[in-house]
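Trainee: Got a structure here, written out as structure tokens. Questions coming.
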Amino acid sequence: MGKTRVHIVRYTHWDREFRWEFERTRMRLVDCLDRLFEIMESDPDYKTFMLDGQFTLVDDYLEIRPERRGTIERLAREGRLELGPWFTLPDCAPINGESVVRNLAYGLKQAEAFGGAMRYGYNVFSFGQIAQLPQIYGQFGIDTIIFYKSMDARRSKYPEFIWEAPDGTRALASRLGPEARWNFFFAAHIPIMYDRDPWHKDWRYAWGDLGKVFHTADPEERGWFYDILDPETAYHPERIREGMERALKTVETTAAPETVLLFDGTDFTEPHPLSPIVYDEIRKQFPKHEIIQSRLGDYLAEMRKALSKRKDLDVVRGAMRDGPVGAVHTDVMSVHPEMLIENSHAENALLRWAEPLSTFAWAHGIDGYPTTYLEKIWRLLFQSHAHDSLHGLGPVTLAEGELSRLKQAHVVAKGLVRKGLENVTKEIDTSGVEDGEYFLAVHNPSAFPRSEVVEAYVDVPAEAALKHVIIEDMDGNAMPVQEVERQQGRAGVYHPRSRNMPFYSTKVHLYFEARDVPALGYKTFKLKWAQKNEYPYPHEDWDAPRILADNLLCGPNQAENAFIRVKANADGTFDITDKASGHVYPSLNYFQDQGEIGNMWMSDAPANNAVLTSLGQPAQVSVGASGPLATVFEVRQTLTLPPAFD
């Protein structure tokens, strides 16, 4: 039997923002990569380094060090620097699936432009792994994946297994060993370099150790990390055997013992200039092992070859979110729900409206394709989808920056939506609309036709003696209309070659039924209105209420249509009845809260916890709108909670 091939992969795991806000984190990134390139250019024995599977490290670095682009391209072409495949490392579960695909596509494109992308699945991040990863990777020709967080070890006898996606796509996967992506670093690197054991129960800083230490003591910055200003550059040969033996134990369960993977690095770690010397010493003390300064891609190719003849690998299906919660950190989903909501708004504006409308205009020669704007939106979203960023895990200012970035993406997307609607509107055939008439265009970006009730605000000239609004299709067929309210006001009219001007109008809030709007298209309607009598009889000088014959409101705080019946209860909850089955879903829409003493990654309830709800608590329930097309209930409620955990 030949020597065991031990692949040591040097890398750093770099959260774009986490312990510090992005800009402070980037300052550390710039220091890290400055030192890395200095070492790699001066020491040919420092052969490889992996930039954490995400191209954004290069992108963020070059914004500060643009003169270093040539260095990065040369190291990548030489195979010494592994780039990609991702642009950022997203938390894949809470974002749109298309965002996952685009992130990977953009990361691969950027890495290829710099000299080559790592064509292997790298998911040693994210708070759980989605079931579709093999399917998504497969579309990019990637069939080997490593990950952790988190798979129950009982689902496969080895760390390596066949992962099958819901569509049947299969990939060779590894959940790594018990010490995951820091196995060599904790087991060997730290003891060898610093004569300390990070796994010992007494692991801590002792005052006076490790040379000069910097810390800010002012009131605003007092809570930040201490920084070791001049880390020692030495190693302890006497710790090599013990350290390497501990590292090898972390990979004993592999199904390919002839070739194993050791990670030399962890979160925010800079390269150590003495690593090649230490590897040489390990070779001397472990002659039965072939110690390789390796690229991750080289190890995975070798692992795949070693496992190709094995018939006992388990086939595992589904998501990798097995827990426990402390290992997967899925509790982060509830830390900043406002961020997930804003992200959803931005993604929907981009994917459902901005891109389709821009494509329509481009395909019909109306306007150029807004490539740069769309790339700007996607880059903002990719940066926001980085796993810690998306949940605001870090200082308060980190969360503020994340929300601002998402709002900016949303604003640009809405700008493109308006531009796209303008482009299409310019080309709509309005020959059937007479002078003095208005038209409404209802757009449908979906891939199927739709007939739905549309909520709209339309402006009728203030001088019109408005009795009620009429909406017709282009054949003159009247559409059902339900008016909610009207207000006198003034709209601004922008003229690109003249002074802006006011448009005095009656703004009418209404619902109307838009039938048979074609897929990926639009349908136009005429907007008209019935006039009041200019000279009414004396008894007609007041506005008689216009009472619609049909109304979804069917009782006190109750409404129904052909499918469901809704009752608003006194505590603000709703009872919904499925009229086809008769099944009642009672007391929906209540609020619940409880004590919390955990942290940003894991929820923890106090010993004397109490769960408080709004059930049975008084609420103000009113009807905001009612008619044949829509009924809106408005609920206002105050829930009294303890001010703090006591």
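The values are calculated or read from the model by the stated rules, or taken from the named source; none is laboratory data. Predicted model only: the values in this text are computed from it and were never measured. Cβ: placed from backbone, ideal geometry, glycine included. Neighbour counts: every protein chain shown. The accessibility values were calculated without ligands, DNA or RNA, using every heavy atom of the protein model including side chains. Shrake-Rupley method; radii C 1.70, N 1.55, O 1.52, S 1.80 Å.
Trainee: Mind listing whichever residues of the stretch 347-366 are open to solvent by 20 Å² or more (accessible area, probe 1.4 Å) and touching an Asp or Glu at 6+ places or on another chain (Cβ under 9 Å)?
Mentor: Scanning the stretch 347-366 gives LEU351, HIS364, ILE366.
Trainee: Tell me yes or no: at least one residue of the stretch 32-49 is within 19 Å of TYR106 (Cα to Cα), touching a residue at least 24 places away in the same chain (Cβ under 8 Å) and crowded, with 21+ Cβ neighbours inside 10 Å.
Mentor: No, there is no match, as no residue in the stretch 32-49 is within 19 Å of TYR106 (Cα to Cα), touching a residue at least 24 places away in the same chain (Cβ under 8 Å) and crowded, with 21+ Cβ neighbours inside 10 Å.
Trainee: Taking GLU402 as meeting all but one of (1) over 20 Å from THR330 (Cα atoms); (2) touching a His at 6+ places or on another chain (Cβ under 9 Å), write down the number of the exception.
Mentor: For GLU402, the failing item is (1).
Trainee: In addition: Return only the number of the condition from (1) open to solvent by less than 60 Å² (accessible area, probe 1.4 Å); (2) over 30 Å from SER174 (Cβ atoms); (3) not in a helix (DSSP H, G or I) that LEU313 does not satisfy.
Mentor: Every listed condition holds for LEU313 apart from (2).
Trainee: Quick one: what pairs do we get from the stretch 286-312, first residue under 11 Å from GLU258 (Cα atoms), second in a helix (DSSP H, G or I) and not hydrophobic (A, V, I, L, M, F, W, C), C-beta under 9 Å, 6+ apart or different chains?
Mentor: HIS289/ARG283; GLU290/ARG283
Trainee: Scan the stretch 118-156 for residues that are assigned to a loop (DSSP other than H, G, I, E, B), open to solvent by less than 20 Å² (accessible area, probe 1.4 Å), at pLDDT 95 or above and not β-branched (Val, Ile, Thr) and jot them down.
Mentor: The answer is MET118, ALA131, SER156.
Trainee: Which of the residues that make up the stretch 76-95 are open to solvent by 10 Å² or more (accessible area, probe 1.4 Å), in a loop (DSSP other than H, G, I, E, B) and free of Cβ contacts under 8 Å to residues at least 40 places away in the same chain?
Mentor: Answer for the stretch 76-95, where residues must be open to solvent by 10 Å² or more (accessible area, probe 1.4 Å), in a loop (DSSP other than H, G, I, E, B) and free of Cβ contacts under 8 Å to residues at least 40 places away in the same chain: just GLU78.
Trainee: Just the residues that are part of a helix (DSSP H, G or I) and open to solvent by 70 Å² or more (accessible area, probe 1.4 Å), please, taken from the stretch 414-439.
Mentor: LYS414, ARG418, LYS419, GLU422, LYS426
Trainee: Could you pull out the residue among SER389, SER384, SER404, SER451 that is polar (S, T, N, Q), at pLDDT 95 or above and touching a strand residue (DSSP E or B) at 6+ places or on another chain (Cβ under 7 Å)?
Mentor: Details: SER389 fails: touching a strand residue (DSSP E or B) at 6+ places or on another chain (Cβ under 7 Å); SER384 fails: touching a strand residue (DSSP E or B) at 6+ places or on another chain (Cβ under 7 Å); SER404 fails: touching a strand residue (DSSP E or B) at 6+ places or on another chain (Cβ under 7 Å).
Result: SER451 is the single residue among SER389, SER384, SER404, SER451 that is polar (S, T, N, Q), at pLDDT 95 or above and touching a strand residue (DSSP E or B) at 6+ places or on another chain (Cβ under 7 Å).
Trainee: Considering only residues of the stretch 195-228 that are more than 22 Å from ARG28 (Cβ to Cβ) and acidic (Asp, Glu), which is most open to solvent (accessible area, probe 1.4 Å)?
Mentor: Selected residue: ASP202.
Trainee: How many residues are assigned to a strand (DSSP E or B) and open to solvent by less than 70 Å² (accessible area, probe 1.4 Å) when one looks only at the stretch 454-477?
Mentor: 13
Trainee: Could you tell me which residue of the stretch 232-286 is surrounded by the fewest Cβ atoms within 10 Å (Cβ to Cβ), considering only residues that are assigned to a loop (DSSP other than H, G, I, E, B) and aromatic (Phe, Trp, Tyr)?
Mentor: For the stretch 232-286, the residue satisfying everything is PHE268.
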